[in-house]
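The values are calculated or read from the model by the stated rules, or taken from the named source; none is laboratory data. What you see is a predicted model; the values in this text were computed from it and never measured. Here the Cβ is made from the backbone with ideal geometry for all residues, glycine too, and neighbour counts use every protein chain on show.
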Amino acid sequence: MSGQASADVIVVGGGIIGTTLAYELQKRELQTVLLEQGQIGREATWATAGIIGPPTAHSLPPHRAKLAELSEKRYAGLLDSIAADSGQETSFLNIGKVLVAFTEEEVEEAQARVTWQVNHGFEARWLERDEVHDVEPTIPDDALGAYFTPQGGGLTGHRLTETVADAFRQIGGEIREYTAATRVLTEGDRVSGVETPDGSVHADTVVLAAGAWTSFLGPSVAHSIPVVPVKGQMIGVTPASDGSRPQHVTGTVSGGYVVPRIDGTVAVGATLEHNGFDKRTTARAFEHAIRLMAKVSPGLLDAQFSSAWAGLRPGTSDDSPIMGPVPGYEGLWVSTGHFRTGIQLAPGSAVLVADAIRSESRDDLLVEFGLERFS
Ligand SMILES: Cc1cc2nc3c(=O)[nH]c(=O)nc-3n(C[C@H](O)[C@H](O)[C@H](O)COP(=O)(O)OP(=O)(O)OC[C@H]3O[C@@H](n4cnc5c(N)ncnc54)[C@H](O)[C@@H]3O)c2cc1C
């Protein structure tokens, strides 16, 4: 594709965040073009553990709790909608989650999580020490108890994103893979499109949803978009057919999980590393994964090692997404910074931003995520 082209909206970045947003915009009858510098869903969205479920909102600021709640309630609707538009079902392992408490502090934290979730209409309960094995037999005996929800489970991030992309195409959206936005184009104080190596694409509205790379697009509008890459490494193991395999997403209250996947493997991780754009897998990640398996699901230590991978989460200084208009440029928007919960938060984020672009007004919840908070 070369030369000039135009649309109502250009979304830059084909991870879960940009693709879901492009779909919601097209649903609102805005002709949308999605630009992806590589392939759809192959960066953080590919590396993800893909855990979704009731929000851990008791420890979050209220606006983040609301976004998580909105997303959780919207997930089933999104999956139904993309199934109807694409003709494909998204495989979702609806297996629930068990988080083990090994210290009194973790017991308190887990019980607070149960209380918040039950009060907000989610299914969750505290498992006493002698109940833990009945629910998840692979957990070792030294657990003091565990948080349990039968809701949620694991999705394969890139498969979900590919299905959203198919649904988007089916309703008239356009995707250009291997097409990087190299610069935001402006006319005075308005955005007019983006430049790509294949020519310009014009639109009155541009949304930057390029994950950990979004900050690179700020300088073309002399605006800082404070997103940094936070590396996460995981390993995959394949239990023998008669070997130990957790039945739920199983982790510790303070972080780290083993995630059974649809292909029979179990994903283990993830690390949190500030190493710039380095995506190498390292021996240290194995050490991290082995310690985690020994703690929550020791039977997995006999499983066959199958793969190791890394991805770059888009991080922000307050761990909250950045969503809303870029001040100073009419028509320029951003949606990124979803850090460790982009798969979980994608449905609510897409609806909030798409509604704001369609109606040209932000609701109060979206305002809380604005870029203005950094100035
Ligand atoms: C190991 C790991 C485990 C995780 N586990 C979970 C979990 O269990 N649950 C959960 O909810 N979240 C989890 N996350 C976080 C989640 O994966 C991310 O928050 C989410 O994938 C971010 O999506 P994104 O679309 O913003 O970014 P990305 O998926 O990185 O997509 C950004 C896209 O923009 C493209 N791009 C960049 N620059 C340009 C440009 N100039 N022009 C065009 N395209 C461009 C990139 O190629 C990329 O495809 C995990 C992440 C990691 C790494």
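If you scan the stretch 148-199, which residues turn out to be aliphatic (A, V, I, L, M) and either touching a strand residue (DSSP E or B) at 6+ places or on another chain (Cβ under 9 Å) or within 13 Å of the ligand (Cβ to nearest atom) (or both)? Talk me through it step by step, then tell me what you get.
Keep residues of the stretch 148-199 that are aliphatic (A, V, I, L, M), which gives 155, 160, 164-165, 167, 171, 175, 180-181, 184-185, 191, 194.
Selection gives LEU155, LEU160, VAL164, ALA165, ILE175, ALA180, ALA181, VAL184, LEU185, VAL191, VAL194.
Please verify whether the stretch 136-154 includes one or more residues that are under 24 Å from the mean Cα position of the chain (by Cα) and in a helix (DSSP H, G or I). Steps first, please.
Of the residues in the stretch 136-154, the ones under 24 Å from the mean Cα position of the chain (by Cα) are 147-154.
So of that shortlist, the ones also in a helix (DSSP H, G or I) come out as none.
Among the residues of the stretch 136-154, not one is under 24 Å from the mean Cα position of the chain (by Cα) and in a helix (DSSP H, G or I), which makes the answer no.
Quick check on my filter: what residues within the stretch 61-78 are surrounded by fewer than 17 Cβ atoms within 10 Å (Cβ to Cβ) and among the hydrophobic types (A, V, I, L, M, F, W, C)? Steps first, please.
To start, the set of residues in the stretch 61-78 that are surrounded by fewer than 17 Cβ atoms within 10 Å (Cβ to Cβ) comprises 61-63, 73, 76-77.
Of everything in the stretch 61-78, just one residue is surrounded by fewer than 17 Cβ atoms within 10 Å (Cβ to Cβ) and among the hydrophobic types (A, V, I, L, M, F, W, C), namely ALA76.
Go through the stretch 355-370 and count every residue that is more than 17 Å from LYS66 (Cβ to Cβ) and at pLDDT 95 or above.
Here is the first cut: in the stretch 355-370, the residues more than 17 Å from LYS66 (Cβ to Cβ) are 357-361.
With at pLDDT 95 or above added as a condition, the list becomes 357-359.
So the count comes out to 3.
Using beta carbons and a limit of 8 Å, which pairs, at least six apart or on different chains, have the first residue in the stretch 348-369 and farther than 18 Å from ILE17 by Cβ and the second one at pLDDT 95 or above?
From residues that are farther than 18 Å from ILE17 by Cβ, the pairs are ASP363/LEU352; ASP363/ASP355; ASP363/ALA356; VAL367/GLY324.
Output the residues belonging to the stretch 200-218 that are within 12 Å of the ligand (Cβ to nearest atom) and outside any strand (DSSP E or B).
Filtering the stretch 200-218 for residues within 12 Å of the ligand (Cβ to nearest atom) gives 201, 206-218.
Answer for the stretch 200-218, where residues must be within 12 Å of the ligand (Cβ to nearest atom) and outside any strand (DSSP E or B): ALA209, ALA210, GLY211, ALA212, TRP213, THR214, SER215, PHE216, LEU217, GLY218.
Please find, within the stretch 82-117, the residue that is surrounded by the most Cβ atoms within 10 Å (Cβ to Cβ) out of those that are among the polar types (S, T, N, Q) and farther than 25 Å from GLU162 by Cβ. So that I can check it myself, show each step before the final result.
Narrowing the stretch 82-117 to residues among the polar types (S, T, N, Q): 86, 88, 90-91, 94, 103, 111, 115, 117.
Subset that is farther than 25 Å from GLU162 by Cβ: 103, 111, 115, 117.
Details: THR103: 12, GLN111: 17, THR115: 13, GLN117: 24.
By that ranking, first place goes to GLN117.
Given the structure, is VAL249 surrounded by 19 or more Cβ atoms within 10 Å (Cβ to Cβ) and within 25 Å of the chain's Cα centre (by Cα)? Outline the logic, then answer.
Values: surrounded by 19 or more Cβ atoms within 10 Å (Cβ to Cβ): yes; within 25 Å of the chain's Cα centre (by Cα): yes.
So VAL249 fits the description; yes.
Is it fair to say GLU195 is at pLDDT 95 or above, within 25 Å of the chain's Cα centre (by Cα) and assigned by TED's automatic domain parsing to the domain that holds SER59?
No.
Go through the stretch 102-135 and report how many residues are of a type in the set (A, V, I, L, M) and closer than 18 Å to GLN247 by Cβ.
4
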